[in-house]
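Remarks on the structure that follows.
The values are calculated or read from the model by the stated rules, or taken from the named source; none is laboratory data. The structure displayed is predicted, hence computed values, not measured ones. Here Cβ is always computed from backbone atoms with ideal geometry, including for glycine, and neighbour counts include all displayed protein chains.
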Amino acid sequence: AAKKSGRNRCVWFDASMERELQQRNDLEQGLRVGIPRGEIVPYFEQQVDIATGKLNGFEVLARWEHPTRGIISPERFIPIAEETGMIADLSMSIMQQAFTAARDWDPSLTISINISPWQLRDAWLAQKIIKTLTETGFPAGRLEIEITESALFENMALAQSIAGSLKNQGVKLALDDFGTGYSSLAHLRALPFDRIKIDKSFVTSINESADSAAIVTAIVRLGESLNLPVTAEGIEDAAIEARLKAMNCAKGQGWFYGKPLSLIGVRRFLAERHMLLGMPAASKVEEM
Ligand code: C2E
Ligand code: MG
Ligand code: MG
Ligand code: MG
């Protein structure tokens, strides 16, 4: 009986692995046509001053508006785009759309864009980003690039040169998902980061887990010592916000402030707050 169930289990794994592989291939083919068709679109998540609630800007999060499957999460398609090299085109398409949108926003607002460590192998990455900034007319000084802490940069010299070119233009760099990668502290010194983002896994559990609270406290203090501002992501409720406020964590984002907004959603959101440029008619209508 044991042998039989063992064999059944094997068969079951084979079938599910085959399904998984099939689905992955479908997504890969879908991405190949979907990226040039503009199906990968930016969503925008508010980033705020925790102490005052003031809006600083938005993090750009990619979404795949699949023609038949609905919205697909980046957790699903970014790894495929990375493995196939499509991440470069995908990323430039997201930047192009996000810069074009953000050009019409109040000049106090910044945007943060995620790039994959894989992109740091492209010797032309900084030039491509700067070219897209120039073409869209979005100022480099209002752009922050988020780099996920993972099995970081295999070509450190190249990564440093890309980071240097971007910083020369006034672009800022943030170390994303801090605390989850290995040898976090070494990563902090690898590139000239301007900000640390605490991984949401610690933040969402800050009031349930003493360990999470200790880790968040330590990262906030580390930021203070290194003179690096800290952003907490994954603020889901008022109790989490209160906890971070008490620690003097400067910036935050998360569902408590708002779910990520579509291009249309973010325009409406900013128009309501009179933070869209060149829309005097719209704001007049609202004041009536
Ligand atoms: P990330 O950069 O760490 O982004 C934060 C993730 O947390 C986002 O997931 C966001 O929707 C989610 N989140 C925000 N607030 C909350 C909250 O209060 N609670 C919880 N539980 N989650 C929250 P999303 O949009 O699914 O993105 C996942 C990851 O995909 C991102 O993590 C980022 O690493 C990657 N990604 C997204 N867009 C891009 C892109 O354009 N390029 C690249 N290379 N990676 C991207
Ligand atoms: Mg990010
Ligand atoms: Mg993150
Ligand atoms: Mg992440």
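Some notes on this structure:
- For V230: the one exception among (1) under 20 Å from A174 (Cα atoms); (2) within 16 Å of ligand 1 (Cβ to nearest atom); (3) surrounded by fewer than 18 Cβ atoms within 10 Å (Cβ to Cβ): (3)
- Residue list for region 104-122, filter: at pLDDT 95 or above and among the hydrophobic types (A, V, I, L, M, F, W, C): W105, L109, I111, I113, I115
- Qualifying positions in region 194-213 - over 16 Å from N248 (Cβ atoms) and either free of Cβ contacts under 8 Å to residues at least 12 places away in the same chain or buried (at least 21 other Cβ atoms within 10 Å of the Cβ) (or both): K197, D199, F202, S205, E208, S209, A210, D211, S212
- Residues of region 81-104 that are more than 10 Å from ligand 1 (Cβ to nearest atom), of a type in the set (A, V, I, L, M, F, W, C) and either without any contact (Cβ under 8 Å) to a residue 12 or more places away in the chain or more than 17 Å from D122 (Cα to Cα) (or both): F99, A101, A102.
- F77 fulfils the conditions (1) touching a strand residue (DSSP E or B) at 6+ places or on another chain (Cβ under 7 Å); (2) outside any strand (DSSP E or B); (3) surrounded by fewer than 17 Cβ atoms within 10 Å (Cβ to Cβ) except for a single criterion, (3).
- Residue match in region 12-28 (condition: modelled with pLDDT of 95 or more and among the hydrophobic types (A, V, I, L, M, F, W, C)): yes
- Residue match in region 150-162 (condition: buried (at least 20 other Cβ atoms within 10 Å of the Cβ), within 16 Å of ligand 4 (Cβ to nearest atom) and either at pLDDT below 95 or within 14 Å of R195 (Cα to Cα) (or both)): no
- Of all residues making up region 34-57, the number that are free of Cβ contacts under 8 Å to residues at least 60 places away in the same chain and of a type in the set (A, V, I, L, M): 2
- Test: L277 is surrounded by fewer than 17 Cβ atoms within 10 Å (Cβ to Cβ), of a type in the set (A, V, I, L, M), more than 14 Å from ligand 1 (Cβ to nearest atom) and in contact (Cβ under 8 Å) with a residue 60 or more places away in the chain: yes
- For the residues R121, R103, R63, the requirement of being of a type in the set (K, R) and crowded, with 18+ Cβ neighbours inside 10 Å singles out R63.
Yes or no, residue by residue, for (1) closer than 21 Å to L188 by Cα; (2) modelled with pLDDT of 95 or more; (3) assigned to a helix (DSSP H, G or I):
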| residue | (1), (2), (3) |
| --- | --- |
| I215 | yes, yes, yes |
| V220 | yes, yes, yes |
| T231 | yes, yes, no |
| K245 | no, yes, yes |
| G252 | yes, yes, no |
| R267 | no, yes, yes |
| K284 | no, no, yes |
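- Unique match (being among the small types (G, A, S) and either within 17 Å of E45 (Cα to Cα) or within 21 Å of the chain's Cα centre (by Cα) (or both)) among A218, A232, A213: A232
- In this structure, I111 qualifies as more than 30 Å from D26 (Cα to Cα), within 14 Å of ligand 1 (Cβ to nearest atom) and either more than 16 Å from the chain's Cα centre (by Cα) or not basic (K, R) (or both).
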